[in-house]
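The numbers here are math on the coordinates, done by the rules we state, and not lab data. The model shown is predicted, which means the values in this text are computed figures rather than measured ones. As a convention, Cβ positions derive from the backbone with ideal geometry for all residues, glycine included, and neighbour counts pool all protein chains shown.
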Amino acid sequence: MRVRHVLLFACATVIAVLLHPGTASLYAQARGASALSGVVSSQEEGKMEGVLVTARRTGANFTVTVVSDAQGRFRFPRTHLEPGAYALVIRATGYDLADPGPVNVAAGKETKRDLKLQKTKDLSMQLTSLEWVEAMPGTQEQKDKLVYQPESCNYCHSFRRIVKSAHSAERFVPVIKRMISYYPDGSSSSDDGRGWGQRLLKFGDSFGQPTPKGPGEGQGNNWGSWPVAELGQYLATVNMSGGRTTLPYEPKATLPRPKGPATRVIITQWDQPRKETESHDMDVDSKGNVWYGDESHQFIGKLDMKTNTFTEYPLPPVPEGHLPGTRDVQVDHDDNVWFPMRVAGGASLLTKFEPATQKVTIVGEKATGQFLALGPDNKMWMGGAVNPFHRIDIKTATYEQTFLGPGYTGYQVVVNSKGNPYMASVQTINGYDVAAGKAKSWPITKGAWGRRGRMDAQDRYWFAEYSVDKIAMFDTRTEKLQEWSLRKYFTPYTASVPDKRGYVWAPSNMTDRLARLDPKSGEVVEFLMPTELDTKKITFDPTAKGDVLIMANMRNARILRVEVLD
């Protein structure tokens, strides 16, 4: 066992304070004084419900979004907008904002601004990936194979990029092979130019392990379960190839705008300092600070949501040609920050960062993996993908033991109150009974790929079933599984534990929506986000009085906060 200590006193990168959203209760925000309000309408529909209205103050590093109600009314509380000049944008598929502003918000007054929408001139720029798939010609089998891939096209970009291309079937083959050579949890630039894709390097692969392969090698001629040549043939039937000037089918807006409860929300998105940041993970400390990593760079970052200030702390660099970056983030009970950090050769080693001193401790080389879970008795667990379960003592930052059985692979690690680890996998949940010294497995729905999730205080493991569009819950006390269905092609990547009212949340990068599940009734409410969405982990703000979701939006290098008002 080897423990290395690195003490970093480098100056941190600090982004200036631009605006203070306030810390009042959600009830007060909903009922308090308005800074900006108005009515959204169009000639076609009159007053419009479910239109997302987003405001950005000149020079600010974040946006605030509200949603119009059944009477077309929208309002921004004074807790979220300070005096100044604001640019406005809307999200309502099929419509554009006739006059985006600017609008001036005065101190101590309510500014009135009604918004007129007009039919969009380019519907294709507003459709989600799910709507593109629904519009595409092809069999159900072809569409399923396109969407339900282990490393889907939509992991990195919208399907719009495919249909807008003019590649022939033959030209698609090298393009697809090049895409396969990119890090699978990266992201190409979003619509507004944020996000970044990184090619796999000679040392380091998508599982955070050393590999002797060069970039893109070993990929063969298949993309998951689909031969690349066959995939290229299908994609050439749905794009602009062959000299087409229009698509050979009609794209349509099929997803409804938000209604009722889905309109009672305030969404804030902070731009991370580097537009190429790829934050696969984040966590929130006891003070409400957001800690996040970067898949492609050696630093750990912090956002103070009260002051809108970002701070980046540099980490030990890796040699050129070696894959850099960090993965999962877990804050312990003392607000120390833990994460897997890549080192020379590509391995991801468990690392502890102490914010008070900026001290970095790398746990011995046996503590490898992608994902973390804070267990009982001051133990940190590490595992995921092709890594077994590792247990680490938090107080001493030392590796203790590895738990290995016939079924140890999975996606993310969670731990119950008995100190037993679990991982969802392909058609199974894999776990380990520490007291009995025995690995165990349980079946889940046929064809289901268990993705990410969390363990709640009742020892219930909530996780997403990506390829069958479901949220699942495995009760580790009774060993019973329960599942709830979402819409077709929702492809949830993760699931939260129940919030204060018992709702469970799951994101969709196919629809740019968050699904809120009521496990008791099975009711699902979908909350539309103002921009492209791709998040791998949902947590809650411990300092908030109401339900406040926090996540990293890795599609466009932003930290996302969703405040639920109902």
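Stokes-Einstein at 10 °C, 1.306 mPa s, Kirkwood radius from Cα pairs: D for the range 411-528 in µm² s⁻¹? So the translational diffusion coefficient is about 112 µm²/s.
For the chain, relative contact order (Cα pairs under 8 Å, six or more residues apart, normalised by length) works out to 14 percent. Compute the label zone of Gln458 within the range 480-494: residues whose backbone N is under 14 Å from the point 7 Å along Cα-to-Cβ. What the label zone holds, given the 14 Å backbone N cut-off, is 480-483. Put a dot 7 Å past the Cα of Arg501, heading toward its Cβ, do the same for Asp335, and the two dots end up 3.0 nm apart. Summing +1 for each Lys or Arg and -1 for each Asp or Glu among the other residues whose beta-carbon sits under 11 angstrom from that of Arg194 gives -2. Across the range 59-71, computed HN-Hα scalar couplings (Karplus, 6.51 cos²θ - 1.76 cosθ + 1.60, θ = phi - 60°) run x, 6, 9, 7, 10, 10, 10, 10, 10, 6, 8, 5, 9 Hz from first to last residue, x flagging Gly and Pro. If R0 is 22 Å, what FRET efficiency do you get for Thr543 and Ala33 from their C-beta distance, rounded to 0.05? FRET efficiency, Thr543 to Ala33: 0.45. Taken about its Cα centre, the chain carries a charge dipole of about 340 debye when Lys and Arg each add +1 at the Cβ and Asp and Glu each add -1 at the Cβ.
With the convex hull of the Cα atoms taken as the outline of the chain, the averaged projected area works out to 25.1 nm².
Taking label points 7 Å from Cα along the Cα-to-Cβ direction, Ala107 and Thr246 give a separation of 5.6 nm. Under a Cβ-Cβ cut-off of 14 Å, what is the net charge of the residues other than Gly242 that fall near it, where Lys and Arg count +1 and Asp and Glu count -1? Residues close to Gly242 contribute a combined charge of +1. Charge tally around Arg327: other residues with Cβ under 10 Å, Lys/Arg +1 each, Asp/Glu -1 each, net -3. The phi torsions of the range 480-494, fed into the Karplus equation with coefficients 6.51, -1.76 and 1.60 and a -60° offset, translate into couplings of 10, 10, 10, 9, 10, 8, 10, 5, 4, 6, 5, 6, x, 9, 8 Hz, rounded to whole numbers, with Gly and Pro shown as x. Sequence-distant contacts, meaning Cα pairs under 8 Å at least 6 residues apart, place the relative contact order of the range 221-366 at 13 percent.
Distance cut-off 25 Å, Cα to Cα: go down the list Lys202/Lys395; Lys302/Lys352; Lys302/Lys488; Lys287/Lys545; Lys145/Lys259; Lys143/Lys440 and report the pairs above it. Check vs 25 Å cut-off fails for Lys202/Lys395; Lys302/Lys488; Lys145/Lys259; Lys143/Lys440. With N counted as the residues of the range 213-357, its alpha-carbon radius of gyration over 2.2 N^0.38 Å works out to 1.49. From its DSSP helices (H runs of at least four residues, each -39,500 (n - 2.57)), the chain gives a residue-normalised ellipticity at 222 nm of -2000 deg cm²/dmol.
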